[in-house]
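Working notes for the structure below.
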Amino acid sequence: MISVIIPLFNKEREIVRSLQSVLNQSFSHFEIVVIDDGSTDHSVKRVEQIDDPRIKIIRQTNAGVAAARNRGVAEARYDWVALLDADDEWREDFLTQMFDLIQRYPQCAVHACGYDFCDDRGKITPALFRRIKFTEEHGIMENYFEIACHSHPPLCSSAVVIRKTALMAIGGFPTDIQAGEDLLTWARLAAHYPIAYTKQHLAIYHATNNFAEPPKRQPARKDRVAEELYKLSVNKQIPQLRNYLSHWHKMRCSIYLRMGERRKVLREALKALYYNPFNGKIYLYAGMTLSPMRLMYITAQYISQCSHRS
């Protein structure tokens with residue numbers, strides 16, 4: 001049995017699609033725990049209109065997606081929890097394939113799959129994953145951080161099934177981080193538990209990033225994600241974790257570049273190079289701060305689009 005956790009906040013147009021993708025699964029032994037995180041639209045009403053005894057709605061004051069996921073995990077009745085964001089969806093064999101992975105690799109606490117991006121026009125683009133070492137369709141992902149440095153995130157909040165006790169053992173999702181809390185959670189899981197993985201793309205992530213516009217929000221001034229990743233690197237001595245820290249600062253560098261924040265670009269570039277002086281793209285980012293503002297923005301926008309697609 002699997003508990004499906006869906007955090008919900010103002011997704012009245014998407015939640016029915018997401019729920020229907022769960023109800024249409026070829027695997028039927030599940031419960032659905034919907035955590036209403038203080039929605040102010042008709043999201044909950046849309047859920048209540050679906051008559052299925054496996055759906056349970058829990059309401060809480062708005063506390064953010066991390067707190068909603070943690071609440072869902074705490075309320076889950078079963079040993080395995082599958083996460084699904086309220087605007088994403090699964091292909092019909094997602095739970096069947098995840099249950100098969102659990103049977104094949106019972107020593108693993110994390111089971112995941114490939115996923116696709118869907119933009120606001122409905123165009124589907126597969127996420128790309130490089131440097132996976134096993135050649136079969138499924139296997140154990142032993143080099144998570146290496147893959148993460150050269151690919152889209154190997155784990156996605158709508159393409160993973162986790163042993164409940166493992167997620168609780170690492171403290172769940174951090175609630176004091178506004179952006180990157182999921183990446184930090186995956187890093188903590190990867191540092192402590194083996195990951196079983198299938199190359200099948202069984203989930204669809206509905207991306208909202210619009211690279212034609214500047215980012216709407218700056219990265220957090222106090223970089224808690226980097227602080228926690230550094231602690232992890234000191235305690236666990238994992239190959240490629242320093243490179244992953246460099247990769248994290250490169251992502252922040254890219255955001256500041258698109259916002260025209262020259263000094264912050266250079267600050268993040270120096271941090272990225274400290275952890276990996278061979279991170280070639282960082283030198284390009286730093287050099288672009290010498291360009292005129294308009295040229296810097298256009299180039300940064302192009303690089304961000306390429307990074308998202310390749």
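Of all residues in the stretch 276-285, those that are surrounded by 17 or more Cβ atoms within 10 Å (Cβ to Cβ) and among the aromatic types (F, W, Y) total 1. Take the stretch 173-195 and flag every residue that is touching a Phe, Trp or Tyr at 6+ places or on another chain (Cβ under 6 Å), closer than 17 Å to R242 by Cα and open to solvent by 10 Å² or more (accessible area, probe 1.4 Å). If the condition is that a residue be touching a Phe, Trp or Tyr at 6+ places or on another chain (Cβ under 6 Å), closer than 17 Å to R242 by Cα and open to solvent by 10 Å² or more (accessible area, probe 1.4 Å), then A190 is the only one that fits.
Residues are listed down the side, and each one gets a yes or a no for (1) modelled with pLDDT of 95 or more; (2) of a type in the set (A, V, I, L, M); (3) open to solvent by less than 70 Å² (accessible area, probe 1.4 Å):
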residue	(1), (2), (3)
H206	yes, no, yes
A269	yes, yes, yes
Y274	yes, no, no
S310	no, no, yes
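Among the residues of the stretch 33-57, the ones that are closer than 19 Å to M98 by Cβ and either in contact (Cβ under 8 Å) with a residue 60 or more places away in the chain or buried (at least 22 other Cβ atoms within 10 Å of the Cβ) (or both) come to 1 in all. When every residue of the stretch 5-13 is checked against the conditions, at least one turns out to be closer than 28 Å to D100 by Cβ and open to solvent by less than 10 Å² (accessible area, probe 1.4 Å). Looking at the stretch 58-158, the helices (runs of 4 or more DSSP H) lying wholly inside it that each contain 2 or more residues that are out of contact with any strand residue (DSSP E or B) (no Cβ under 7 Å at 6 or more places or on another chain), open to solvent by 10 Å² or more (accessible area, probe 1.4 Å) and among the hydrophobic types (A, V, I, L, M, F, W, C) sit at 65-75.
The values are calculated or read from the model by the stated rules, or taken from the named source; none is laboratory data. Every value quoted in this text rests on a predicted model; they were computed, and no experiment measured them. Don't worry about glycine lacking a Cβ; one is built from the backbone with ideal geometry, like all the others, and counts go over all protein chains shown. Areas reflect the complete protein model, heavy atoms only, side chains present, ligands, DNA and RNA absent. Shrake-Rupley method; radii C 1.70, N 1.55, O 1.52, S 1.80 Å.
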